[in-house]
Amino acid sequence: MQIERKIRLVTEQKNIPKESPMPEFPMKQWNVKLYLLDHEGNKHPANCFNKVVYNLHPSFENPQQTFYEAPFTCTNEGWGEFEMSIDMYTTEKAKITIFHDLNFQSPEYKIDQTVLFKNPSQALIQALRETGPVGNDEDAKANKARKNADSKKRKFAFDYEKIGDALLKLGEDDLLHVIQMIHDNKSDDTVTNNDIERGEFSVDLFTMPEPLTKMIWDFLLEQKMVTA
C-alpha cells in the first residue's frame, strides 16, 4: 500500500542587528516549520512523524538538528542561502527525505511537496486518515465497509481504539494467532498489507467483517488485554 500526501514547508526570515562575516550580506534569523496538508489544502500538525531531522549547511556549528514535536520548528541565524535535506521519520528507521531551498527573497514563503508513505503500519494509516482517504478508502466498497464498521461500533460492546492498542501489546505467539484469525476469516472488503521483507503485517480494523471483529475482541478479553 502507498499513501500520497502533501507536505508544506513554511519559511520565515528577518534581518537582525548582528555583525555579519560577509558585510554585503546582512545577518538573518530564520525558521522552517513543517505541516501536513489535507485534500483541500488545509494545514494540519504532521503528527504522523515521530521526529524530523534538518541537515543544514556543514558550516553550522550544529548542522544536524532534530525535533520531536509538530510543527518541528527549526530556528537558526546566518547570512547565507543554501539547500538543506529534511529527514522525516515515521519509525526509528523508516524515513522520508525531502529537500528545501532556504533563501531570503521574501520575509515568508511556503513550498508544497508531495511524498509517498510506503507500506504504512496500522498506526500510521490511522494518523494519515485525519488528512484524507487512505488506500482503498477511495473505493466505494471500502467506504461502505467503513460505514458498516461505524454501525458495528454502536451495536456491539467492543472499541476499535482499544483493539488497536491491545494488538500492539500482544506477545509474538498471540499476535501470530490473531494474524491467522484475520487470514482465515477476512472478507473481500478487508484491507490488509503483508510486507514479508520488513516482517510487518497491518490490517484496517474498520474494514473487517463483524464476526471477525467480535472474534478478536473476545480473544483480547480472554487475554485480559481489554475490558468490556
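The values are calculated or read from the model by the stated rules, or taken from the named source; none is laboratory data. Here the structure is a predicted model, which means the values were calculated and not measured. Cβ: placed from backbone, ideal geometry, glycine included. Neighbour counts: every protein chain shown. Heavy atoms of the whole protein, side chains included, go into the accessibility calculation; ligands, DNA and RNA do not. Shrake-Rupley method; radii C 1.70, N 1.55, O 1.52, S 1.80 Å.
Name every residue in the range 112-127 that is among the aliphatic types (A, V, I, L, M) and either at positive phi or not in a strand (DSSP E or B) (or both), in order of residue number.
Step one: list which residues in the range 112-127 are among the aliphatic types (A, V, I, L, M), which gives 115-116, 123-125, 127.
Scanning the range 112-127 gives 123, 124, 125, 127.
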So residue 72 passes all but one of these: (1) of a type in the set (Phe, Trp, Tyr); (2) under 19 Å from the mean Cα position of the chain (by Cα); (3) more than 30 Å from residue 203 (Cα to Cα). Which condition number does it fail?
(3)
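Which count do you get for residues in the range 187-198 that are part of a strand (DSSP E or B) and β-branched (Val, Ile, Thr)?
Taking the range 187-198 first, the residues part of a strand (DSSP E or B) are 192-195.
With the extra rule that they be β-branched (Val, Ile, Thr), the set shrinks to 192.
The qualifying residues number 1.
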Kindly list, by first and then second residue, each pair from a residue in the range 1-22 that is without any contact (Cβ under 8 Å) to a residue 24 or more places away in the chain to a residue that is buried (at least 16 other Cβ atoms within 10 Å of the Cβ) and assigned to a strand (DSSP E or B), limited to pairs with Cβ atoms under 7 Å and residues at least 6 apart or on different chains.
15/28
I'd like the residue in the range 60-88 that is within 19 Å of residue 43 (Cα to Cα) and hydroxyl-bearing (Ser, Thr, Tyr) and, out of all such residues, is most open to solvent (accessible area, probe 1.4 Å).
68
Is there a residue in the range 212-223 that is at pLDDT 90 or above, open to solvent by 20 Å² or more (accessible area, probe 1.4 Å), not aliphatic (A, V, I, L, M) and not in a helix (DSSP H, G or I)?
yes
Right, residue 22: open to solvent by less than 20 Å² (accessible area, probe 1.4 Å) and of a type in the set (A, V, I, L, M) or not?
no
Return the pair list, or none, for Cβ contacts closer than 7 Å from residues in the range 29-47 that are part of a loop (DSSP other than H, G, I, E, B) to residues that are hydroxyl-bearing (Ser, Thr, Tyr), at least 6 apart or on different chains.
38/131; 46/35
Where the second residue is open to solvent by less than 20 Å² (accessible area, probe 1.4 Å) and the first is acidic (Asp, Glu) and lies in the range 73-91, which pairs have Cβ atoms under 9 Å and are six or more apart or on separate chains?
77/30; 81/102; 83/100; 83/102; 87/52; 87/53; 87/54; 87/98
If you go through the range 199-211, how many residues are open to solvent by 50 Å² or more (accessible area, probe 1.4 Å), farther than 11 Å from residue 121 by Cα and either of a type in the set (Asp, Glu) or outside any helix (DSSP H, G or I) (or both)?
2
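Take the conditions part of a strand (DSSP E or B) and farther than 19 Å from residue 12 by Cα and apply them to residue 97. Does it pass?
Numbers: part of a strand (DSSP E or B): yes; farther than 19 Å from residue 12 by Cα: yes.
Considered against the rule, which asks whether it is part of a strand (DSSP E or B) and farther than 19 Å from residue 12 by Cα, residue 97 comes out as yes.
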